[in-house]
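Notes follow once the structure below has been shown.
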Amino acid sequence: MADKIIDTIHQLLSTIPDPEIPVISIVELGIVRDVQLSDDGAVTVLITPTYSGCPAMMAIEQEIKSTLHEHGFENTTVKLVYSPVWTTDWIPDEAKEKLRKYGIAPPAHSTSDKSVLSLHPRSVACPRCGSLKTTMISPFGSTACKSLYKCDTCLEPFDYFKCH
Amino acid sequence: MTNQEAIFEYCLRIGDTSLILGQRLAEWCGHGPILEEDIALTNISLDLIGQTRGFYDYACQVENKGRTEDDLAFLRNDRDYRNLLMAEQPNGDFGQTIFRQFLISSYYTLFFTALSKSNDETLAALAQKSLKEVNYHLRHSTEWMLRLGNGTEESARRMRTAVEELWMFTEDFFDMNDVDRILLQAGIGIDNSALRADWLHFAQDKMKEAGLLIPEKSFAIRGSREGKHTEHLGHILAEMQSLHRAHPGATW
């Protein structure tokens, strides 16, 4: 019974879009780490920040509480955990494809690939035309998790979701 | 001093440093030399203020007196602040901001690498989280230091000035007091003075690549562990705390 309720909660959480990148859910992004249910029906959702200063965390917490409340879970606590440290390696391939279709180049490597230690990772493909001839404009972008690129083939600028 | 009291002090040092440096970098908002760097400096600021919240939150837990992150940030005076003196130094020009960032980020890369192995789980997790971000800040400031140091005569001159202005605050990184000794003994804190040789080696190498030399004669200004600050901290706090002090308990 408890397992079934936890499954339901997971399902509900996976309908919550990331506030900054609404094409993927907070579950796909790896922000939701665990769901716990106590005997009295209280729900605890453990979430981890992408970046320490990510301003979306507060919105995400509110969204979790209100979504669960709408579905009858009235006693929900959202707890922030820091370990294990969030990594883009947790984003599944289907979610990366959603990012690409949305116009954000997904993380090009696993973080175990040491080339990501450079500010200029190699071969970031343009999310629009697929060209590998791209240039970084700025290592920092519109949000903490992205950097700015331009495509040298189709000339469009685009966001790149940094390996982290 | 108990372990808990020492952890509280330790968290303040780290959190105060990232808060004050974050506040300094935020002063660049709307004033960056180019749009991309305006975004870069404020992104770094955001990471740092985020890190502060993690360390303050833990400080409040171990202190267990009901204080909150906001109380620590907005209701303490300069002598209660434990941030590194480097963090409070004025932005100067872009070169000076970059050099200050290079010095602090390179130190913190080593510091957080060591603290990641702390046997205090919360400190270890916060250190691992911060380390990833600080690494990125270090790469950014190193690239700019190389570019400016090897750039035009004017940019190189400004970088040399930055070295003269800031080098004297580097010894303050490595001081140790009772807090360090108690936590080192307990396997919670790190041997801070042991980082000095590696740090100096790294900084000297990169500065050399940028055509910059460590000043032969430089006196050291220290004292952040005891809450002794340069005149600049009071001014930052006056600005940062004014709203909260005028409207106690104000929230968004």
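The values are calculated or read from the model by the stated rules, or taken from the named source; none is laboratory data. On a predicted model such as this, the values are computed, not experimentally measured, just so you know. When we count neighbours, we look across all protein chains shown, and the Cβ atoms used for this are built from the backbone with ideal geometry, even at glycine.
Things worth noting here:
- Scanning segment B:63-103 for residues that are buried (at least 19 other Cβ atoms within 10 Å of the Cβ) and of a type in the set (A, V, I, L, M) yields B:Leu72, B:Ala73, B:Leu84, B:Leu85, B:Met86, B:Ala87, B:Ile98, B:Leu103.
- Every condition in (1) more than 17 Å from the chain's Cα centre (by Cα); (2) closer than 29 Å to A:Val81 by Cβ; (3) surrounded by fewer than 22 Cβ atoms within 10 Å (Cβ to Cβ); (4) in contact (Cβ under 8 Å) with a residue 40 or more places away in the chain holds for B:Gln23 except the one numbered (1).
- Hits in segment B:8-34 (condition: of a type in the set (Val, Ile, Thr) and under 22 Å from B:Lys228 (Cβ atoms)): B:Ile14, B:Thr17, B:Ile20
- Just one of the numbered conditions (1) modelled with pLDDT of 95 or more; (2) within 14 Å of chain B (Cβ to nearest Cβ) is not true of A:Pro139: (1).
- So B:Arg196, is it under 18 Å from the mean Cα position of the chain (by Cα), within 14 Å of chain A (Cβ to nearest Cβ) and of a type in the set (Lys, Arg): no
- Taking segment B:21-108 and the helices (runs of 4 or more DSSP H) fully enclosed by it, the elements with 3 or more residues that are within 20 Å of B:His244 (Cα to Cα) and touching a Gly at 6+ places or on another chain (Cβ under 6 Å) are at B:35-63.
- Test: A:Asp34 is out of contact with any helix residue (DSSP H, G or I) (no Cβ under 7 Å at 6 or more places or on another chain), within 28 Å of A:Lys4 (Cβ to Cβ) and at pLDDT 95 or above: yes
- Residue in segment A:4-22 that is in a loop (DSSP other than H, G, I, E, B), more than 14 Å from chain B (Cβ to nearest Cβ) and hydroxyl-bearing (Ser, Thr, Tyr) present: yes
- Residue tally, condition touching a residue at least 60 places away in the same chain (Cβ under 8 Å), among the hydrophobic types (A, V, I, L, M, F, W, C) and either in contact with a His (Cβ under 7 Å, 6 or more places away or on another chain) or within 7 Å of chain A (Cβ to nearest Cβ) (or both), over segment B:28-47: 2
- Per the listing B:Arg222, B:Arg245, the residue uniquely surrounded by 11 or more Cβ atoms within 10 Å (Cβ to Cβ) and in a helix (DSSP H, G or I) is B:Arg245.
- Taken as a whole, the condition of being part of a helix (DSSP H, G or I), within 13 Å of another protein chain (Cβ to nearest Cβ) and surrounded by fewer than 24 Cβ atoms within 10 Å (Cβ to Cβ) applies to B:Ala125.
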